[in-house]
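Remarks on the structure that follows.
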Amino acid sequence: MALMFLNGGAMRGGPLHHLLDGSPLICSTRTASKYRFYSVGDVCPALHPVSHGGAAVAGELYDIPLDVLRDKLLPAEPPVLELGVVELADGSSSFAMLLRRGYAGALTDITDHGDWQLYRTKKRTHA
């Protein structure tokens, strides 16, 4: 089993949640205030670690079997993301999907929202 911080489509109610194959939700939590948060074409969120100017990002922590992570969740992630380790608000560590190092495509900074679902809801209501 591996602790995995999710902050996008695999969260409860998201289109990829079924890929967790019943993995238990440990808690709703936030990252430490060490990340910028981006929307990649309004398709997926992306965390990017920074040394200053970061913020806490909302998400859910799951205990996912490694075979589920390997066979179901990771293959469904967009190529702009890569598996990494984040620091959570309580100082502990967890796997998470991060913006791929060296990515040079278009991004929208949504750090001020700090929450993918909140960003998507606000975007829909202002469309």
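The table that follows gives values for the structure above.
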{"quantity": "Among the candidates PRO24, PRO49, residue that is closer than 17 Å to GLY91 by Cα and at pLDDT 95 or above", "calculated": "PRO49"}
{"quantity": "Sole residue being loosely packed, with under 12 Cβ neighbours inside 10 Å, within 28 Å of ARG124 (Cβ to Cβ) and in contact (Cβ under 8 Å) with a residue 40 or more places away in the chain, chosen from GLY54, GLY105, GLY91", "calculated": "GLY105"}
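The values are calculated or read from the model by the stated rules, or taken from the named source; none is laboratory data. This structure is a prediction, so every number in the text was calculated from the model and none was measured. All Cβ positions, even for glycine, are placed from backbone atoms using ideal geometry, and neighbour counts span all protein chains on display.
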